[in-house]
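As structure tokens, the structure follows; a few thoughts come after it.
What follows draws every value from the coordinates through simple rules; no lab data is involved. All values reported here derive from a predicted model rather than from experimental measurement. We place every Cβ from the backbone using ideal geometry, glycine too, and count neighbours over all the protein chains shown.
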Amino acid sequence: MAILLEGKKVAKALDERSCAEAAALIKAGVTPTLAIVRLGERADNAVYERAAVKRCESAGVSVKRLTLPQDAAQDELLAIIASVNNDSSIHGCLLLRPFPSSVDENAACAALAPAKDVDGVTSGSFAAVFSGGAGSAGFPPCTARACMEILSAYGIDPAGRKTVVVGRSLVVGKPVAMMLLQQNATVTICHSKTKDLAAVCREAEILIVAAGRRNLAGSAFFNANQTVIDVGINTGEDGRLCGDVDFAQAEPVVRAITPVPGGVGTVTTSVLALHTILAAANAK
């Protein structure tokens, strides 16, 4: 059976670092503060918001919730973001997406100050990811960094390894591919137009699946020496959460795998808290 790459262990280590660094900032008179901007009552956004608030507050990060109605106008959203940018007591901002179609999501992301972008949505953050920089230029998306933190915590060095990323979004696929390249992995990015996807994935030593399709990766995708990071969060036919990887088919074959739930998602909120604390330190 595969080694289970549980997120709990990784999140615990990140939270211990966050608590120590937040305590030092608070002692110096700075309370790390995150603003969460949400439009409407979309269920998945509300669930993630609750988890983020709980994790941040336990790590010493104060949270301000800024909620607008589902039918809020573009100007209202941009005004909220401007207020976050201009508030020196707020160090990080999480824009809970997707936004309703009534607003321009790209314009909203572009309006956020890169120094307060703790979830990698601004062009400054993208530039930092692609150039290998961080800090005041912004941070990588929390989910992408969570993947890298799991690999690091379990001693899985990407250097020289054949790595396949399934998915090319700016939320996970592209940034995690760049972060893997920075650690000297040999990276292939796959997507919906990739020919014989299973065969490409089967050759990977590290397989990261972030396609947003339930059980996309089945038995033909795996090999015995493989580490599988499943980023997907989907609802199965039985109503339970499941990933983009068919866990029942993967676990007997691969060397190591993240569970869903209890894997990448568990680490993501810990990364968010840490990014906010680092942003607060940068703003001192």
**OP:** Could you give the DSSP H helices of the chain that reach 27 angstrom or more along their long axis (alpha carbon positions) and whose average Kyte-Doolittle hydropathy is no lower than 1.0?
**Re:** 264-283
Original post:
Between Ala20 and Asp104, what length in nm is gained on full extension when 0.36 nm per residue of separation is reduced by their alpha carbon distance?
Top reply: 26.4 nm
Subject >> Relative frequency of Cα-Cα separations exceeding 32 Å in the chain, percent >> reply: 24 percent
Subject >> Cα Rg, Dmax (largest Cα-Cα span) when computed across the stretch 1-124, Å >> reply: 16.0, 53
Original post:
Taking the chain as a Gaussian network, Cα atoms linked when under 10 Å apart, which of Gln182, Gln226, Gln74 shows the biggest mean-square fluctuation?
Top reply: Gln74
Original post:
Taking the mean number of other Cβ atoms within 10 Å as a proxy for protection, how do you rank 96-107, 47-58 from highest to lowest?
Top reply: 47-58, 96-107
Original post:
When the scattering of the stretch 99-244 is computed by the Debye formula from its Cα atoms alone, each counted once and equally, what is log10 I(q)/I(0) at q = 0.14, 0.21 Å⁻¹?
Top reply: -0.71, -1.29
Original post:
Which of the lysines could be linked to Lys162 by a straight reach, that is with a Cα gap under 17 Å, when you skip same-chain ones fewer than 8 residues away?
Top reply: Lys174
